[in-house]
1. With +1 assigned to the C-beta of every Lys and Arg and -1 to the C-beta of every Asp and Glu, and no other charges, what is the dipole magnitude of chain A about the Cα centre in debye, to the nearest 20?
2. Could you give the DSSP H helices of chain A that reach 27 angstrom or more along their long axis (alpha carbon positions) and whose average Kyte-Doolittle hydropathy is no lower than 0.0?
3. Taking the Cα centre as origin and putting +1 on Lys and Arg beta-carbons and -1 on Asp and Glu beta-carbons, what dipole magnitude results for chain B, to the nearest 20 debye?
4. Using the number of other C-beta atoms within 10 angstrom as an exposure proxy, rank B:Lys74, A:Lys161 with the fewest first.
5. Mind checking the full-extension length gain between A:Arg223 and A:Val148? Use 0.36 nm per residue of separation minus the Cα-Cα distance, one decimal, nm.
6. Pairs B:Lys2/B:Lys59; A:Lys161/B:Lys84; A:Lys163/B:Lys84; A:Lys161/B:Lys59; B:Lys2/B:Lys97: which exceed 28 Å Cα-Cα?
7. Just tell me the longest site-free run in chain A, where the sites are GluC sites (Glu not before Pro) in a DSSP loop having at most 16 other beta-carbon atoms within 10 Å.
8. What FRET efficiency would be calculated for the residue pair A:Asp178, A:Arg285, taking the C-beta separation as r and a Förster radius of 25 Å, to the nearest 0.05?
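Nothing in this text is a laboratory measurement; each read-out follows from the coordinates by a stated rule. Given the structure is predicted, the values throughout are model-derived calculations rather than measurements. Note that we place each Cβ from the backbone using ideal geometry, even for glycine, and neighbour counts take in every protein chain shown.
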Amino acid sequence: MSQESNVSTADTERVFREEYGRAVAVLVRRFGDIDVAEEAVQDAFATAVQRWTSDGLPPSPAGWIITTARNRIIDRLRREASRDDRHAQATWMRGRDELDEEEIVSDERLRLIFTCCHPALALTSQVALTLRLLGGLTTEEIARAFLVPEATMAQRLGRAKGKIRDARIPYRVPQAADLPARLRAVLAVVYLVFNEGYTASSGERLVREDLCAEAIRLGRQLRELMPDEPEVMGLLALMLLIESRRTARVSVGGDLVLLVHQDRSRWNRALIREGQALVRRCLARREPGPYQLQAAINAVHSDAATAVETDWSQILTLYNQLLAIAPSPIVALNRAVAVAEVDGPLTALGLVDDLDLDRYYLFHAIRADLLQRLGRMTEAAGAFDVAISRAENAAERAFLRSRRSGIDVAN
Amino acid sequence: MKQYLLSIYQPDGPPPADLDLTAIMRDVHALRDDMKSAGAWVFSGGLHPASTATVVQVKDGESLITDGPFTEGKEHLGGFTIVKAADLDAALEWARKLATVLTPLSIEVRPFHDESTH
């Protein structure tokens, strides 16, 4: 009896995005080779597109993909082994025993994340590998997201996979002693993807939503895999709270809108609720970390119905904590913004002028704003000029130019 | 087990006057003993300065001999250790110990092809 199926290509694509990382991770663990695993999973999905469209989705799509891909690898290895390839034979022996139910449901992604974000790999490679293997993005998509030619990205990925194989970078969750440092690297990769999406470091558009969505998806994966790590929770909360303001941050004309001028009715309430709930759970843990504190700062902003209702003294307290556990000139700069609201722009300007951040456009933009508030218009205009010359994003430059021209009118 | 080459890079010229070479060599030997008792040590050796190096190249059957070293630069290979390790993490841990003993020198870790592992 033939049955009408409602499975579309979009359904298969959705399963692909959701299950690709899990399937690759299981097969990498079993066969020890990323390329072999990836190729087999891609083949299995190609078969799935035809099969599922006529037969409907199997009860466990992930299990179907993993089993199909596994069988493909074993068939291939068996063929190669018969040609007296000792290496293939050895690999085949490892993969020969039956794939049990437990292996299909076991989640090997956590090991794979730590492999992708291994400190022996360059940060750019870590990011590309994570998006490729855990996110299931194609090489072309990753290349487009980071504005590099596809051939360059393919080479970068190939080199990184080659190093994992040849230098034998392990598939392993680090031991307790190494875990904090290694976890920081993983979180940094995910946050870098998010930030690259949120304020594209170059290019014309201010936000590349696809990267933000991907980073949040990875953040949710991490939370599922490491539910007890407060910083994992903190990073997810931070991304959700920033993401909640994304549409309000860009005007209809594509211009940047500062937090203080945003139409708060356009903030995404569902994301705020989810982010704030995570922040509350973090606070209850009492193990503050940089991501949790940044999330908490964003949660305070989300609490304010209007900009003037913002609880700046609470924000300043949080920045004091952040500066104590993760001191950096950037944190000090952001803290100065809160100081300006609590103690006035003159105190803040004193703090800003002590920072060695000349190459960073926001340093000059914040200085310009403080000088303007102090009525020092000529200096403010000069600082805006420097900020414009340092900003790499077109929307940010346009915003700074409009602020700069506002000063000219006032003069 | 896989084998890794741990190369020690050091600046050309004589070592700084305040360096206690005796203490450093004692620590290096102690680390070598640790590697041996862990079954990780394969080979190690220190080299004379790069100014003693000679480069040989054959072109059209003719050998060309030049006063070395092969690479220009202010730092050269000063010595090396070969270790057996289960994976890169284990090799990096030996490299970390070596770099601790030889601070501030850099240690480069490179895997051998599997064929050379016997």
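1. That gives a dipole near 400 debye.
2. Those that clear 27 Å and a mean of 0.0 are A:179-198.
3. Taking the Cα centre of chain B as origin, the dipole is about 300 debye.
4. Details: B:Lys74 7, A:Lys161 20.
Listed from fewest to most nearby Cβ atoms, that is B:Lys74, A:Lys161.
5. 24.0 nm
6. Going by Cα-Cα distance, B:Lys2/B:Lys59; A:Lys161/B:Lys59 fall outside the 28 Å limit.
7. Working: sites that count: A:Glu4, A:Glu98, A:Glu204, A:Glu392.
It works out to A:205-391.
8. It comes to 0.70.
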